[in-house]
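One structure below.
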Amino acid sequence: MIKYEEWVQSVKDLQSRMEEFFQKTKYLDQEQVIIPDLIPTAESLYVQEQLGSFCRELEEAYYQAKRLNAGVELEGRLRTGYNGRFWLENEELTCGRSIEVLYHDGQGLSNVPSWHAGHIDHDGNRYYFSGKHDLPLEGVMARIKQHL
């Protein structure tokens, strides 16, 4: 059975391979599958469509791997600012800001809190964590990963 460290290393290796794929295909730059020498046939257009679907799924996995492997840039307890927005250390967290929040979600076999990825959002009345709308954020441990 694979060990914890092997899982983590495997994801790092996979991230590297995905980066090579995206550099070679230019998919992240073009946001579509472009095959210059494609001769349009029923089969080649089908393959191009399937490659587009594959690349969209792979892109999501790639950014998840990058998040997993990114170092922590900032960590601390969330506090509410004068304008109702949350702050983490010296950074104001506006809508859409990616963060990870430490809490126990009631899932799994242990009672150990874990980090959950999401972002700050606003519902017209208050700011909240997208991953758990009803989580009171004041004083909760949070972190921001290095730029993805």
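Out of 103, 127, I need the residue that is at pLDDT below 95, surrounded by 14 or more Cβ atoms within 10 Å (Cβ to Cβ) and touching a Pro at 6+ places or on another chain (Cβ under 8 Å). Which one? Can you show your working first?
On the way: 127 fails: touching a Pro at 6+ places or on another chain (Cβ under 8 Å).
The conditions single out 103.
Can you name the residue in segment 50-65 that is out of contact with any helix residue (DSSP H, G or I) (no Cβ under 8 Å at 6 or more places or on another chain) and of a type in the set (Gly, Ala, Ser) and, of all such residues, is surrounded by the fewest Cβ atoms within 10 Å (Cβ to Cβ)?
Quick first cut of segment 50-65, residues out of contact with any helix residue (DSSP H, G or I) (no Cβ under 8 Å at 6 or more places or on another chain) only: 50-54, 56-57, 60, 63-64.
Retained after the next criterion (residues that are of a type in the set (Gly, Ala, Ser)): 52-53.
Values: 52: 14, 53: 10.
The extreme case among them is 53.
Looking only at segment 133-148, count every residue that is closer than 27 Å to residue 65 by Cα and in contact (Cβ under 8 Å) with a residue 40 or more places away in the chain and tell me the total.
Total meeting the criteria: 10.
Determine if segment 52-59 includes at least one residue that is within 18 Å of the chain's Cα centre (by Cα) and either within 30 Å of residue 141 (Cα to Cα) or among the hydroxyl-bearing types (Ser, Thr, Tyr) (or both).
Looking for residues that are within 18 Å of the chain's Cα centre (by Cα) and either within 30 Å of residue 141 (Cα to Cα) or among the hydroxyl-bearing types (Ser, Thr, Tyr) (or both), one finds at least one in segment 52-59, hence yes.
For segment 30-49, give me each residue that is surrounded by 10 or more Cβ atoms within 10 Å (Cβ to Cβ) and assigned to a helix (DSSP H, G or I). So that I can check it myself, show each step before the final result.
First pass over segment 30-49, keeping only residues surrounded by 10 or more Cβ atoms within 10 Å (Cβ to Cβ): 30-35, 38, 44-49.
Matches in segment 30-49: 30, 44, 45, 46, 47, 48, 49.
Is there any pair linking a residue in segment 81-107 that is without any contact (Cβ under 8 Å) to a residue 60 or more places away in the chain to one that is part of a loop (DSSP other than H, G, I, E, B) and not acidic (Asp, Glu), with Cβ under 6 Å and at least six apart or on different chains, and which?
86/137; 87/81; 92/85; 101/140; 102/113; 103/113; 104/113
Just to be sure I understand, how many residues within segment 108-132 are under 23 Å from residue 73 (Cα atoms), touching a residue at least 12 places away in the same chain (Cβ under 8 Å) and assigned to a strand (DSSP E or B)?
Final tally of qualifying residues: 11.
Among 119, 147, which is within 29 Å of residue 62 (Cβ to Cβ) and surrounded by fewer than 11 Cβ atoms within 10 Å (Cβ to Cβ)? Steps first, answer last, please.
Values: 119 fails: surrounded by fewer than 11 Cβ atoms within 10 Å (Cβ to Cβ).
Only one candidate passes the filter, namely 147.
Test of understanding: among 100, 59, 138, which residue is of a type in the set (Asp, Glu) and in a helix (DSSP H, G or I)? Steps first, answer last, please.
Numbers: 100 fails: in a helix (DSSP H, G or I); 138 fails: in a helix (DSSP H, G or I).
Only one candidate passes the filter, namely 59.
The values are calculated or read from the model by the stated rules, or taken from the named source; none is laboratory data. Predicted model only: the values in this text are computed from it and were never measured. Please note: Cβ atoms are built from the backbone with ideal geometry, for glycine as well, and neighbour counts cover all protein chains shown.
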